[in-house]
Amino acid sequence: MTRTSRTAGAVIGILALAGSLAACGGDSLEEDKGAPASGDSDKKGSLVVGAAAFTESKVLAELYAQILADAGYSTSVTTVKNRELYEPSLEKGEIDVVPEYAATIAEFLNAKVNGAKAAAAKPVASGDAGATLAALKKLAEPRGLKVLPAGKAIDQNAFAVTREFAGKHKLTTLSDLGEAKIGVRIAAGDECEIRPFCAPGLKKTYGIDVTGIDPLGVGTPQAKQAVKDGKAQLVLTTTTDAVLDSYDLVFLEDDKKLQNADNVLPVLNAEDAGAPDIADALGRLTGALTTEDLAQLNRKVDAERVKPADAAREYLRSKELIKN
């Protein structure tokens, strides 16, 4: 799942919510339960950590589960297909905590509360992390959800060029690219042509001359190779892409904050997981985790075939966030 599809899906996907849940009968979870991170029934209680069905979410869920296990809870990870399924389960207390992305969950709840058309017309998320988080809390708290502070780790749309292209035209930001008045083709998903955070936003916010879209997908090897080969000049990927160096590509900074603030943060069921020690444990992780850390964790799982639980354990030990 990419940031482009995730952000758009936050509004569009809500329309399918009722049908999705009805298809699951009495159980709102499409479950793929992992082994418990801690099975000691004498500890503080049990917590279910939800994960969406993509690598990064699974890694984050393992990080949450293991740091909470270290804090004295019996924890397990449940992988649920998508937000349309796991968010209602979080409200019901079938899931206790999920790793989320501030802007995306804010717009999902905006659509759920106000309707998809109203949410599309009046979005609550922006590139301002503080304002986005405040809007998210207003939507979440009446639904029994507790939103913990966001951290430094961000997973959102990002654009990259070759190192040679950046050096030749003195580019470090997207503003630089706009001011250079260079026509660029973008290697991206075909939806880039109409999505406000892709070609239209690059034109409107930065004045970038987009000459065309090569529909090769978001951050795919084919898209990055097209830029490396000079068939396109700009690739749409994400900030946690860990393999840009392999293609000799570098990010251009989104200096005018076109992209929404998709900072990683925990969202909890307030009744079942509202204890201060839970917030404290997750807060220590949130405070340590960076975008670069998340990129490297994704690399370990996707490129090196390390299991998410093992990658999470190694990271937590390296940061001295868990004792065992």
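A few remarks follow.
- Where region 166-324 is the region considered: accessible area per residue in Å², 1.4 Å probe: 48
- When only the Cβ of Lys, Arg, Asp and Glu is charged (+1, +1, -1, -1), the dipole of region 137-249 relative to its Cα centre reaches about 440 debye.
- In order along region 287-294, the Karplus-derived 3J(HN,Hα) couplings, from 6.51 cos²θ - 1.76 cosθ + 1.60 at θ = phi - 60°, round to x, 8, 6, 10, 4, 5, 4, 5 Hz, and Gly and Pro are given as x.
- Percent carbon-and-sulfur accessible area, region 227-280, ignoring ligands, DNA and RNA, probe 1.4 Å: 44
- Close amide H partners of Ile213, meaning residues 5 or more places away or on another chain with modelled amide H under 5 Å apart, are Ile186.
- Packing rank of 145-153, 192-200, 48-56, where each peptide gets the mean count of other beta carbons within 10 Å, highest leading: 48-56, 145-153, 192-200
- In a reduced charge model with +1 at each Lys and Arg Cβ and -1 at each Asp and Glu Cβ, the chain shows a dipole moment near 640 debye about its Cα centre.
- Between the alpha-carbon centres of region 277-324 and region 53-117 there is a gap of 17 Å.
- Paramagnetic reach from Asp245 (point 7 Å along Cα→Cβ, amide N under 19 Å) across region 190-229: 221, 224-225, 228
- Folded to 0 to 90 degrees: helix 129-140 orientation relative to the chain principal axis, Cα: 40
- Pairs from Lys112/Lys224; Lys43/Lys137; Lys92/Lys146 whose Cα-Cα separation, in the structure shown, is over 25 Å: Lys112/Lys224; Lys43/Lys137
- The apolar share of the surface of region 85-178, taken as the fraction of accessible area on carbon and sulfur atoms (1.4 Å probe, ligands and nucleic acids excluded), comes to 55 percent.
- Mean residue ellipticity (222 nm) of the chain, computed from DSSP H runs ≥ 4 via -39,500 (n - 2.57), nearest 500: -13000 deg cm²/dmol
- Each Lys or Arg adds one and each Asp or Glu subtracts one; over the other residues with Cβ under 15 Å from the Cβ of Gly207, this totals -1.
The values are calculated or read from the model by the stated rules, or taken from the named source; none is laboratory data. None of the values given here were measured: they were computed from a predicted structure. Because the Cβ atoms are built from the backbone with ideal geometry, glycine has one as well, and the counts that use them run over all protein chains shown. The area values use the complete protein model at the heavy-atom level, side chains included, leaving out ligands, DNA and RNA. Shrake-Rupley method; radii C 1.70, N 1.55, O 1.52, S 1.80 Å.
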